[in-house]
Amino acid sequence: MNGQYLNDYLKKYYTDSLEEEIVLNKIDKGIIAHLRLIGNNESIRPIFSKKNKDSIDRYNHSYLSIAYESNIEKKLLTVVKPYFLSKYNSGRNYECNCIEIKPYIKEERAITEENRGSKWQIDSDYFNVNHIRIDLKKGTNELHNQFWMELSTMLSDLV
């Protein structure tokens with residue numbers, strides 16, 4: 001993929017952004033430890049995540065977007081992506097997608113009480129980095145817990 005990859009400046013930026021959202025209670029408590037563990041990998045940073053119900057409160061929905069250094073891209077695409085696609089797809093019961101996303105600039109928003117501390121909402125350059133989103137829809141709470149456990153284990157150890 002062409003475009004900007006994770007670098008030292010962005011590592012600090014995304015780490016600080018995650019910690020700010022944790023302090024402001026904007027991250028699902030059940031995944032904080034997983035996100036921090038993933039962020040311990042020198043080549044990966046979590047940039048966007050969720051573990052909760054979908055927007056209409058019907059199904060469980062988990063996702064993780066990670067920015068990464070160019071040296072780890074091949075393993076993400078040839079090891080991590082196929083693993084999650086094969087393990088977490090069951091037709092009607094649950095569905096996993098892995099999407100490679102090129103850097104993009106979004107419209108900048110003014111800071112409000114609702115989005116204060118959420119750089120992904122107010123910084124137009126927040127997603128201006130190559131990233132991958134791993135998404136799990138439907139399934140039981142236990143399945144989503146297992147999904148996060150495997151995400152954090154696999155991504156924190158990936159070299």
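So the values come out like this:
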item: Yes/no for Tyr88 being touching a helix residue (DSSP H, G or I) at 6+ places or on another chain (Cβ under 7 Å) and farther than 17 Å from Val159 by Cβ; result: yes
item: Odd one out for Glu73 among (1) exposed (fewer than 14 other Cβ atoms within 10 Å of the Cβ); (2) under 14 Å from Asn130 (Cα atoms); (3) among the charged types (D, E, K, R); result: (1)
item: Qualifying residue in the stretch 30-42 (condition: in contact (Cβ under 8 Å) with a residue 12 or more places away in the chain, more than 18 Å from Tyr68 (Cα to Cα) and hydrophobic (A, V, I, L, M, F, W, C)); result: yes
item: Restricting the stretch 126-146 to residues that are of a type outside the set (Val, Ile, Thr), in contact with a helix residue (DSSP H, G or I) (Cβ under 8 Å, 6 or more places away or on another chain) and at pLDDT 95 or above, the residue that is farthest from Ser62 (Cα to Cα); result: Asn130
item: Filter result for Leu10 (of a type in the set (A, V, I, L, M, F, W, C), touching a Gly at 6+ places or on another chain (Cβ under 7 Å) and in contact (Cβ under 8 Å) with a residue 60 or more places away in the chain); result: no
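Each row is one residue, and each column tells you yes or no for (1) closer than 21 Å to Phe147 by Cα; (2) under 17 Å from the mean Cα position of the chain (by Cα).
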site: Leu10; (1), (2): no, yes
site: Thr15; (1), (2): no, yes
site: Lys26; (1), (2): yes, yes
site: Lys29; (1), (2): yes, yes
site: Asn40; (1), (2): yes, yes
site: Arg45; (1), (2): yes, yes
site: Lys51; (1), (2): yes, yes
site: Ser62; (1), (2): yes, yes
site: Ser86; (1), (2): yes, no
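The values are calculated or read from the model by the stated rules, or taken from the named source; none is laboratory data. None of the values given here were measured: they were computed from a predicted structure. All Cβ positions, even for glycine, are placed from backbone atoms using ideal geometry, and neighbour counts span all protein chains on display.
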